[in-house]
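In what follows, a structure is listed as structure tokens, so that the remarks can point back to it.
The values are calculated or read from the model by the stated rules, or taken from the named source; none is laboratory data. If you're wondering where the values come from, they're calculated on a predicted model, not measured in any experiment. Cβ atoms come from the backbone with ideal geometry, glycine included; neighbour counts cover every protein chain shown. What goes into the accessible areas is simple: the full protein's heavy atoms, side chains included, and nothing from ligands, DNA or RNA. Shrake-Rupley method; radii C 1.70, N 1.55, O 1.52, S 1.80 Å.
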Amino acid sequence: MSPLSIIVITLNEAERIGSLLEDLAQQTHQDFEVIVVDSNSEDETCAIAQGYASRLPRLHVEQMLARGVCLGRNTGAGLAQHQRLLFLDADVRLPPDFLQKALQHLTIKNLEVAGVYLSPKGLPKRYSLGYKLFNVGIALTQFMFPTAIGACLFSTKSVHDAINGFDSSITLCEDCDYVNRASRHTKFRMLPMGFTFDPRRLKQDGIFKTGSKYLYANIHRLFKGEIRNQKIRYDFGHYKPK
């Protein structure tokens with residue numbers, strides 16, 4: 001299986017980055033580098049990440065002065081040493097065989113760009129239903145107007161460079177725009193597997209408010225184009241500490 005570069009974007013993620021790095025250290029497939037791109041955190045995110053250098057020998061922590069989701073992912077892709085890329089958010093959790101299974105699916109299906117479904121495992125029913133409905137949506141759209149979750153997204157350096165990476169002018173659904181543009185260069189599909197992540201988005205913003213925001217956002221994208229200039233407001237790193 002091919003090596004890969006794992007790019008993790010962070011902003012004040014001291015409470016969560018250690019759990020993700022621990023998951024990566026326990027992967028059954030270990031041929032990867034980890035690039036943590038930090039958006040000038042005000043907490044101990046970078047120090048905690050650096051503390052995993054002995055567990056993850058190919059770990060690099062890049063501290064930016066500016067902040068931004070697209071900027072962080074593009075910065076990480078520019079630093080990546082391998083062709084295969086995996087973009088992750090800091091609050092993602094992965095089972096030990098995640099990379100091994102994902103790379104097998106990517107190879108069998110001959111995919112460069114692929115998304116991963118949300119796993120509702122261990123969540124309350126009110127959140128689980130929302131995740132399942134979201135998964136149905138991204139499953140149906142993958143063939144025509146693909147959408148994806150940037151929190152766990154596979155790509156390659158060649159495709160990333162061909163589409164000029166993530167569009168920093170987009171302020172919501174930049175991940176959906178990324179895979180939509182990528183699908184014009186290569187086949188995009190969802191992998192038949194899932195990942196978990198902290199439901200803080202739903203807890204803080206509310207399940208109905210969050211769901212309706214993303215539904216409206218994708219209707220806007222379909223009929224009016226991508227969302228720029230905070231037409232639908234979403235601030236990177238606005239979540240409160242536990």
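Tabulated data for the structure shown
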quantity: Local electrostatic count, HIS29, Cβ distance below 14 Å [Lys/Arg +1, Asp/Glu -1]; calculated: -1
quantity: Cβ-Cβ FRET estimate between ASP43 and PHE143, R0 fixed at 41 Å, reported to 0.05; calculated: 0.50
quantity: Largest to smallest principal axis extent of the C-alpha atoms in the range 74-143, angstrom; calculated: 41, 28, 25
quantity: Alpha-carbon centroid distance for the pair the range 77-100 / the range 1-29, whole angstrom; calculated: 7 Å
quantity: Extended-chain gain in nm, criterion 0.36 nm per residue less alpha-carbon gap, LEU79 and ALA66; calculated: 3.0 nm
quantity: For SER183, residues with placed amide H under 5 Å, excluding near neighbours; calculated: none
quantity: Heavy-atom accessible area per residue - the range 64-117, 1.4 Å, Å²; calculated: 40 Å²
quantity: Length added when fully stretched, LYS125-HIS185, from 0.36 nm per residue minus Cα-Cα; calculated: 17.8 nm
quantity: Convex hull per residue volume in Å³, alpha carbons only, for the range 1-90; calculated: 76 Å³
quantity: Taking the range 1-61 and dividing mean pair separation by its residue count, relative contact order in percent (alpha carbons under 8 Å, at least six apart); calculated: 43 percent
quantity: Projected-area average for the range 1-52 over all orientations - Cα convex hull basis, square nanometres; calculated: 3.4 nm²
quantity: Carbon plus sulfur fraction of accessible area for the range 88-168, probe 1.4 Å, in percent; calculated: 60 percent
quantity: Average silhouette area of the range 88-191, convex hull of alpha-carbon atoms, in square nanometres; calculated: 7.2 nm²
